[in-house]
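The structure under discussion appears below in the form of structure tokens.
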Amino acid sequence: MRFRIRPVEASFYDLFTEMANHLVTGAGIVARVLDPEADKTALAAQMNDAEHAADDTTHAIIKLVNSTFITPFDREDIYALASGLDDVMDYMEEVVDSAALYGVTEFPDAFAAQVQVLQRASNLTAEAMPRLRTMKDLDEFWIEINRLENEGDRNHRRMLADLFDGNYKAMQVLKLKDIVEAVEAAIDALESVANTVEQIAVKES
Amino acid sequence: MRFRIRPVEASFYDLFTEMANHLVTGAGIVARVLDPEADKTALAAQMNDAEHAADDTTHAIIKLVNSTFITPFDREDIYALASGLDDVMDYMEEVVDSAALYGVTEFPDAFAAQVQVLQRASNLTAEAMPRLRTMKDLDEFWIEINRLENEGDRNHRRMLADLFDGNYKAMQVLKLKDIVEAVEAAIDALESVANTVEQIAVKES
Amino acid sequence: MRFRIRPVEASFYDLFTEMANHLVTGAGIVARVLDPEADKTALAAQMNDAEHAADDTTHAIIKLVNSTFITPFDREDIYALASGLDDVMDYMEEVVDSAALYGVTEFPDAFAAQVQVLQRASNLTAEAMPRLRTMKDLDEFWIEINRLENEGDRNHRRMLADLFDGNYKAMQVLKLKDIVEAVEAAIDALESVANTVEQIAVKES
């Protein structure tokens with residue numbers, strides 16, 4: 001059982017920002033997987049903690065929805081945003097867990113660039129969350145996330161071509177493919193969060 | 001053409017319960033795939049029947065939405081719940097079909113435990129559906145489904161590590177990976193159903 | 001920077017029809033991948049153009065939602081339909097890109113039949129979009145799309161069984177599996193579009 005002191009007045013904006021900050025932490029842990037010296041099991045344990053912290057925040061959001069009469073935007077959208085952010089965390093955890101489980105220490109060339117895309121998209125999301133309050137300057141957020149997702153897509157395909165090129169053994173390809181696909185899924189999930197934000201803004205406009 | 005006598009007064013709660021009962025049937029057929037003596041083609045035919053029965057129920061729900069002026073909860077949510085339950089059935093069918101098609105008779109160690117997770121989650125869903133009427137005691141349903149999904153996740157990763165460990169031939173790995181992933185997708189889809197139920201309860205509260 | 005003359009009075013119906021017409025173009029490019037003589041890199045470039053044109057249409061739809069006081073159906077549904085159509089295009093692009101990237105020239109037997117399913121579903125979607133105006137004769141659209149999706153499912157499983165049968169090298173299997181799965185995902189995404197149309201019709205009825 002984890003306890004947590006939470007200020008009574010924590011708002012939806014605070015909680016979404018807190019949630020996105022967990023993603024920044026998660027992306028940082030993913031980045032450390034690249035270090036061949038890193039203790040993957042220790043990283044997986046840290047990731048597990050970050051994921052639990054994110055779960056706490058998600059539950060705080062759901063609880064706040066339940067106890068609030070007038071919500072700043074539609075209840076369904078609050079729910080969609082919370083669960084979208086939670087999805088990102090789940091995929092990040094899958095990256096780190098798989099790397100630990102399979103004992104992978106070498107990655108395709110574009111993997112480092114791809115993890116940077118994940119980190120930048122996580123940072124942008126954390127910066128955008130407080131702006132939900134005013135609904136201002138959110139256009140640039142989802143435009144940039146969409147651009148990053150396209151960049152991630154190109155990295156992803158380059159890595160797959162690299163994996164299938166005959167330089168790796170079949171089992172190694174399968175292991176790396178799983179990890180590479182989980183990073184891609186995390187980036188896609190961040191785009192999906194940006195799309196939810198866009199939809200909320202469209203409704204409010 | 002299938003005919004079906006359906007009582008005029010069948011309610012949404014009855015139909016959702018009927019739908020979830022099809023999932024209990026489906027999970028039972030999936031469990032029989034584990035038996036190396038089982039006739040996989042016969043199981044695939046049974047699964048096909050169960051899937052058609054589930055389709056009938058889905059269409060009955062859609063028809064009832066169309067002909068009902070006041071629905072017990074939002075039309076979109078009824079639709080989301082029906083299509084979520086339908087997704088579970090599709091993944092279950094994929095498990096049995098793939099096992100028959102690929103002629104697979106041996107499974108990774110944790111597969112039996114994973115199929116049990118699927119059966120327990122299906123049973124819980126069938127027990128929860130009638131409670132939509134009162135919206136009571138649904139918290140424990142989605143908490144337990146989430147717990148099961150986490151357990152399923154651990155089983156899934158253990159099976160993948162086992163598959164990639166060098167004990168299987170590459171083609172065998174690919175076949176088993178497909179089957180194992182379809183079970184995982186069915187469990188995830190059950191979690192998604194539980195999330196929809198949670199969303200409905202949040203709105204109604 | 002692309003410029004585009006767009007008539008002021010372009011309606012949602014026109015834009016959705018335009019969007020679905022991009023899918024017809026995309027499916028046509030996918031079909032040309034089957035020709036072993038085709039210049040895959042040139043096809044990938046054409047697909048990229050088609051995908052950009054589809055993006056333009058998507059943005060025109062979002063812009064129209066933002067500047068329209070009374071929309072013909074719920075804003076969320078307009079958004080869901082636009083992003084669903086966009087998903088189809090993304091998967092089609094993935095098919096062509098992967099074929100070019102991996103240098104694949106031979107495909108499993110059922111691949112030609114599967115691409116025909118994709119083309120027929122795209123054509124049906126383009127024909128259905130103008131009917132959103134009257135909401136008439138849409139039932140046959142989603143019934144037929146569902147039938148096509150089932151046919152696609154059978155093709156897909158047959159191709160996987162073929163791939164895993166030991167006739168291909170492991171790396172070749174992985175390349176073809178990616179391509180085959182992207183076609184399947186495009187067909188599934190078209191079914192999801194049809195489901196969204198069904199949901200809109202249910203609400204309006």
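The values are calculated or read from the model by the stated rules, or taken from the named source; none is laboratory data. Since the structure is predicted, the reported quantities are computational estimates derived from the model, not experimental observations. Don't worry about glycine lacking a Cβ; one is built from the backbone with ideal geometry, like all the others, and counts go over all protein chains shown. SASA here: full protein model, heavy atoms, side chains in, ligands and nucleic acids out. Shrake-Rupley method; radii C 1.70, N 1.55, O 1.52, S 1.80 Å.
Some notes on this structure:
- Within 10 Å of the Cβ of each residue in C:89-95, the mean number of Cβ atoms contributed by other protein chains is 1.
- Normalising the Debye intensity of the range C:34-130 to I(0), with uniform scatterers on Cα atoms only, and taking log10 at q = 0.11, 0.22 Å⁻¹ returns -0.44, -1.21.
- Partner chain coverage, peptide B:70-82 - average Cβ within 10 angstrom: 2
- B:Val95 accessible area, assembled protein chains, probe 1.4 Å, Å²: 0 Å²
- Rounded to 10°, Cα long-axis angle of helix C:40-67 versus longest principal axis of chain C: 20 degrees
- Radius 13 Å from Cβ of A:Val65, net charge of other residues (Lys, Arg +1; Asp, Glu -1): -2
- Where the Cα pairs of the range B:124-178 fall when distances are cut into 5 Å bins, in %: 4, 17, 18, 12, 10, 9, 10, 9, 6, 3, 1
- Accessible area in the full protein assembly, largest first, 1.4 Å probe, for B:Arg157, C:Arg154: C:Arg154, B:Arg157
- Exposure check, 1.4 Å probe, all protein chains in place: B:Lys136 carries approximately 130 Å² of accessible surface.
- As a ratio to 2.2 N^0.38 Å, the alpha-carbon radius of gyration computed for the range B:93-161 takes the value 1.37.
- With a simple spin-label model that places each label point 7 Å from the Cα along the Cα-to-Cβ direction, the separation between B:Thr41 and A:Asn48 comes to 4.7 nm.
- Ranking of C:Thr134, C:Thr68 by solvent-accessible surface, largest first: C:Thr134, C:Thr68 (1.4 Å probe, protein heavy atoms only, all chains present).
- Once the Cα atoms are used to define both axes, helix C:139-163 deviates from the longest principal axis of chain C by about 20 degrees.
- Among residues other than B:Val173 with Cβ under 11 Å from its Cβ, the summed charge is +1 (Lys and Arg +1, Asp and Glu -1).
- Helix B:12-32 axis, angle to chain B major axis (alpha carbon atoms, nearest 10°): 10 degrees
- The protein assembly as shown - Kirkwood radius from inverse mean 1/r over Cα pairs (Å): 25.4 Å
- Among the chymotrypsin sites (Phe, Trp or Tyr not before Pro) found in the range C:36-110, those both in a DSSP coil and sparsely packed, with 14 or fewer other Cβ atoms within 10 Å of their Cβ, are C:Phe69.
- The range B:12-204 - percent relative contact order, Cα under 8 Å, separation 6 or more: 32 percent
- Hypothetical label at B:Asp165: residues of the range A:22-53 whose amide nitrogen lies under 19 Å (7 Å Cα-Cβ projection): A:41
- Element breakdown for chain B at a 1.4 angstrom probe: carbon and sulfur atoms account for 49% of the accessible area.
- The loop-placed GluC sites (Glu not before Pro) in the range B:36-105, going by DSSP, that have at most 10 neighbouring Cβ atoms within 10 Å of their Cβ come out as B:Glu37.
- Proximal lysines to B:Lys40, defined as alpha-carbon separation beneath 26 angstrom and excluding residues fewer than eight positions away on the same chain: B:Lys169, B:Lys175, B:Lys177, C:Lys177
- Compactness of the range C:12-204, expressed as Rg and Dmax over alpha-carbon positions, Å: 17.3, 59
- Its relative contact order, with pairs defined as Cα atoms under 8 Å and 6+ residues apart, puts the range C:32-107 at 54 percent.
- The mean of 1/r over all distinct Cα pairs in the range B:152-192, once inverted, gives the Kirkwood hydrodynamic radius of 10.6 Å.
- Take each residue of peptide C:10-17, count the partner chain Cβ atoms within 10 Å of its Cβ, and average: the result is 0.
- To the nearest 10, the accessible area of B:Ile187 is 0 Å² with a 1.4 Å probe.
- Charge tally for B:Ala110 (other residues, Cβ to Cβ under 14 Å; Lys, Arg +1; Asp, Glu -1): -4.
- Across all C-alpha atoms in the range B:11-84, the radius of gyration and Dmax reach 15.1, 51 Å.
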